[in-house]
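**Q** Take this structure, written in structure tokens, and hold onto it; I'll ask about it next.
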Amino acid sequence: MLQWLREGHDRFLQGHSLHPHCTRERMRAVVEGQHPRAAVLGCADSRVPVELLFDSGFGDLFVVRNAGTMSTTAAIASLEYAVGHLDVPLIVVLGHEACGAVAAALHPELLLTPSLAQVVGQLRMELLQFGSHMSLEESCRHHTLSAAGNLVHSSVLLTDRLRAGLLAVVAGYYDLHSSAIEWMGHVEPIQYPGPAAAGSPTG
Ligand SMILES: [Zn+2]
């Protein structure tokens, strides 16, 4: 399925978008039910229009967007629905260059509303793991990988599907200048220690 996304993105990059599945006929064809080919967690940023980046249309992609590409409870629930009920086999976590939410996280002096402060504070704590002197570019890249990992590791359903080989979760980084998506790799499921590795109780 990733190949299908790559092909759509290549068409977009080369200026040869086909704009498939964008007619009312297609809309009528999917009224009775949706069978999206992949899900995407992306940023609400107006420069990251997911369907256009992958040259796709009605019914093709299950897209969840919020400021900062955050694995919020609502985002996790939405993607669990896509995977658990719509059998989507692939989630792309799409971060991007010059993300405003990430930029805000690098500026603790900003005055924010309570809701924004919650999101930005979460981002700031996440980024502090990687050091306190990262550039915006480095921070956006780290956050993309963290967001993909956080998504999987916050969900038993997604972790189980990943471990069973029924789901792939891939991180992608969208460069605003080149309009190209750089694929950053798959998320590996956490391997729980088996009985032999768990050690024996003491005391
Ligand atoms: Zn953003």
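**Q** Can you compute the label reach from LEU18? Point 7 Å from Cα along the Cβ direction, backbone N cut-off under 16 Å, restricted to the stretch 50-94.
**A** Within reach of a label on LEU18, which here means backbone N under 16 Å from a point 7 Å along Cα→Cβ, the stretch 50-94 contributes 52-61.
**Q** Among LEU90, HIS142, TYR173, whose Cα lies farthest out toward the positive end of the dipole of the chain, if unit charges sit on the beta carbon of Lys, Arg (+1) and Asp, Glu (-1)?
**A** Positive-end residue among those listed: LEU90.
**Q** Which length gain, in nm to one decimal place, applies between LEU110 and ALA77 when the Cα-Cα distance is subtracted from 0.36 nm times their residue separation?
**A** Net length gain for the segment: 8.9 nm.
**Q** At q = 0.12, 0.13, 0.15 Å⁻¹, work out log10 I(q)/I(0) for the chain with the Debye formula, treating every Cα as an identical point scatterer and leaving solvent out; two decimals please.
**A** The calculated log intensity ratios at q = 0.12, 0.13, 0.15 Å⁻¹ are -0.65, -0.75, -0.96.
**Q** So what's Rg/Rh here for the stretch 1-96, counting alpha carbon atoms and using the Kirkwood radius for Rh?
**A** Ratio of gyration radius to Kirkwood radius for the stretch 1-96: 0.96.
**Q** Could you give the size of the charge dipole of the chain about its Cα centre, using +1 on the Cβ of each K and R and -1 on the Cβ of each D and E, expressed in debye and rounded to the nearest 20?
**A** Using Cβ point charges on Lys, Arg, Asp and Glu, the chain gives about 300 debye.
**Q** Could you run the Karplus curve 6.51 cos²θ - 1.76 cosθ + 1.60 with θ = phi - 60° over the stretch 29-37 and give me ³J(HN,Hα) per residue in whole Hz, x for Gly and Pro?
**A** For the stretch 29-37, the Karplus-derived couplings read 5, 10, 4, 6, x, 10, 9, x, 7 Hz, x marking Gly and Pro.
**Q** Please list VAL169, VAL31 from largest to smallest accessible area, probe radius 1.4 Å, with all protein chains kept in place.
**A** From most exposed to least exposed: VAL31, VAL169.
**Q** Give the Kirkwood hydrodynamic radius (Å, one decimal) of the stretch 103-199, defined as one over the mean of 1/r across all pairs of different Cα atoms.
**A** This gives a value of 15.6 Å.
The values are calculated or read from the model by the stated rules, or taken from the named source; none is laboratory data. Quick caveat, the model's predicted, so the values are computed rather than measured. Reconstructed Cβ throughout: ideal geometry from the backbone, glycine too, with neighbour counts over all protein chains shown. Heavy atoms of the whole protein, side chains included, go into the accessibility calculation; ligands, DNA and RNA do not. Shrake-Rupley method; radii C 1.70, N 1.55, O 1.52, S 1.80 Å.
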